[in-house]
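Only one structure is covered here, and it is reproduced in the block below.
The values are calculated or read from the model by the stated rules, or taken from the named source; none is laboratory data. All figures in this text were calculated on a predicted structure; none of them were measured in a lab. Using ideal geometry, Cβ is built from the backbone for each residue, glycine included, and neighbour counts are taken over all protein chains shown. Heads up: the accessible areas ignore ligands, DNA and RNA and are worked out on the full protein's heavy atoms, side chains in. Shrake-Rupley method; radii C 1.70, N 1.55, O 1.52, S 1.80 Å.
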Amino acid sequence: MTNPLPADPPRVPVAEGVPAGWHRLHPLTPVVRAGSRLFALVAVLAVIALANQRQDSSEIVTDLVVIALALSGGFISWLVTRWQVTDGVLRIDTGLIRRDSRRFPLSQVQAIDVVQSGLARILGLAELQLRVAGGDASRGGRLAWLRLADAERLRAELLAYSTAARAIQAVPAGTGGPADAPLASAVAVDPIAAGPGTGAIPASAATPEQQLFRVRSGQLAVAIALSRPGAIAFAVVAAVTAFVAVTGKTAATATFLPTAIGIAATVWRWFNGEYGTTVTAAPDGLRLNSGLIQTTAETIRPGRIQAVRLVEPLAWRPFGWCRLEVDVAGPRVRRESRGESGRLRALIPVGTKADAMQMLGVVLTSQPMPDKPVPRRVRFKAPLEYHFLAFGSDDNYVVSSDGRVTRTTTWIPLEKVQSVRWVQGPVQRWLRLSSVRLDVAGKRVTGAIEDRADAEARDLLMRLPDLARAARARAA
Amino acid sequence: MSAEPDDGLNWQRPSPKLLRCRRIQVALVTVPVALIVGLACATASGLAGTLSAVGVLVAGVVAERFLARRVAAWGFAERNEDLMVRRGVMIRRQSVIPYGRMQYIDITAGPLERSLGLATLRMHTAAAASDARIPGLDQAVAAKLRDQLAALGETQAAGL
């Protein structure tokens, strides 16, 4: 079944590279899927075996049976899972008892990521994740696991496929977004780039790739140490040390252990996730590679960016550091899983203001700055935020800044605005203020023009839908 | 009515039956709660039972006043290219949803709403934060509005 049968060739005229017919996933899939659980199981069984002291052969057999059972589920799942690409649609069939057949029209795909966990990396495997807009996370497609080289080739081909599929269809409005032009210009003109992207995957065409940014590991480490999780970690360590120094009871530190592990895990996930972030301009979009143990490669296609956010935490500001994040259309992140203090995919995990401005030039066609401060009476309503509240706009973007100690500046492409809301709370009414929100299809960013004078906000509510429509018409 | 600036829009209102629906909902909560609280307190003394039951009923009447104001605040206006919905008394909100951005529209009706011939119309865009619903429409009006909006959405569709 793994044989590429050329029986029914795809009718979309590109990406002949994907052989027709059904394909299996990599045979080592069950091992990787069982992954950490398997290791935990083996560890537990080993501990039990050692603790029992009786190295009975029958017990070892029992242990092996347990492990085999743990693996068999994954093996059956692998056995019944197959995928194929036909007519611009990726089909994934799976399930033994309840068959589950999923179709992903490639023209709808927002981004394709190549993800590697630690174990998969050792085995040279990678997972392909397809992201589609709207709905919940389960709507995304996963091909896990494939050989790394296969995964990368398949991604390049699927992306080329989907681009062509969309070019054939009458391009729906909004897909040829504002990032189109600057990306092209970045590839053609921008001389800043320092050679081809290191971990980048060769594109389908032999177009040169320009590296736009690479995070410095030392800077990332310092930046994390200066962030909120970093500060909490230091506080906990300091508290424990002080406690031990004063009381001399080392055993008491065990109480702190779960907290300490939790914090360490958070900090580690952050560092691991954003280590070595590299942004490369490629013909099919911005390519993002990152990760230390678990690596991800992601392509942000032009015109898919729903919001751009510049974050400047208090402790970073003395160094002039900042963080640049983008939000792309996708399943909205549920509130309970927003653990990581609302962080988004970072183009620049940490960098200088100059880095950020250069990257803004790539992802935005124009860079309006929040230059209109709020009325002075806002101090009574939001004394801490007052200094950061501002907004600005031009024909293509609305930009607003807010934050109490961390300053956040958000750019929303008018072309992407889904709906506009006007809100006025009781305190705002008393102070004759109101806010305007811009909803986009991103994962968690909403444009918020907070605390404007009443008349101005009313005017914005009436004008913004028209501006958005004009921007949409221009993009189409 | 809230002191809305005259914006020259043709604001439409939910059905007057929405107020009746809300009143029944309040009564359905208040009366049993008053009975239970009254009976529970009556084990201490008859006076305490009566007083607490009356107290709960008064709270229900106050809630009814709040709800009446909220019902009165609902309004929607069809403009050329978008739908405007306003609501709220304490926190006032007004949303603009372009027809082209509507992904799907659904109509829901709970048992009480159904018995009164009412329905809630809800519009969904690709942004989860978009919040646009119109409660308490007559079922016929809701169905007509849905078809109308769907048709407008189709002609002006703009996807993501």
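Considering the range B:128-155 alone, what residues qualify as being surrounded by fewer than 16 Cβ atoms within 10 Å (Cβ to Cβ) and either within 14 Å of chain A (Cβ to nearest Cβ) or of a type in the set (D, E, K, R) (or both)?
B:Lys144, B:Asp147, B:Glu154, B:Thr155
If I filter the range A:234-242 for residues that are on the phi < 0 side of the Ramachandran plot and under 16 Å from the mean Cα position of the chain (by Cα), do I get at least one hit? No, the range A:234-242 contains no residue that is on the phi < 0 side of the Ramachandran plot and under 16 Å from the mean Cα position of the chain (by Cα). Looking across the range A:458-474, just one residue is more than 7 Å from chain B (Cβ to nearest Cβ), open to solvent by less than 30 Å² (accessible area, probe 1.4 Å) and more than 11 Å from A:Val420 (Cα to Cα), and that is A:Ala471.
In the set B:Gly117, B:Gly110, B:Gly75, only one residue is among the small types (Gly, Ala, Ser), in contact (Cβ under 8 Å) with a residue 24 or more places away in the chain, farther than 30 Å from A:Asp451 by Cα and more than 9 Å from chain A (Cβ to nearest Cβ); that residue is B:Gly117.
If I filter the range B:39-46 for residues that are open to solvent by less than 20 Å² (accessible area, probe 1.4 Å) and either free of Cβ contacts under 8 Å to residues at least 24 places away in the same chain or away from chain A (no Cβ under 14 Å) (or both), do I get at least one hit? No, the range B:39-46 has no match at all.
Quick one: would you say A:Glu450 is part of a loop (DSSP other than H, G, I, E, B), crowded, with 16+ Cβ neighbours inside 10 Å, more than 10 Å from chain B (Cβ to nearest Cβ) and touching a residue at least 60 places away in the same chain (Cβ under 8 Å)? Show your work before the answer.
Numbers: part of a loop (DSSP other than H, G, I, E, B): no; crowded, with 16+ Cβ neighbours inside 10 Å: yes; more than 10 Å from chain B (Cβ to nearest Cβ): yes; touching a residue at least 60 places away in the same chain (Cβ under 8 Å): yes.
The answer is no for A:Glu450.
Restricting the first member to the range A:354-365 and to residues that are touching a residue at least 12 places away in the same chain (Cβ under 8 Å), and the second to residues that are surrounded by fewer than 20 Cβ atoms within 10 Å (Cβ to Cβ) and among the hydrophobic types (A, V, I, L, M, F, W, C), the beta-carbon pairs closer than 7 Å and six or more apart or on different chains are A:Gln358/A:Ile192; A:Thr365/A:Ala181.
The residues of the range A:212-243 that are β-branched (Val, Ile, Thr), part of a helix (DSSP H, G or I) and either within 30 Å of A:Ala281 (Cα to Cα) or in the same structural domain as A:Gly361 (by TED's automatic domain parsing) (or both), listed by number, are A:Val222, A:Ile224. Looking only at the range B:83-112, residues that are among the charged types (D, E, K, R) and modelled with pLDDT of 90 or more come to 4 in all.
Checking each residue in the range A:220-232 for being without any contact (Cβ under 8 Å) to a residue 40 or more places away in the chain and open to solvent by less than 30 Å² (accessible area, probe 1.4 Å) picks out only A:Gly230.
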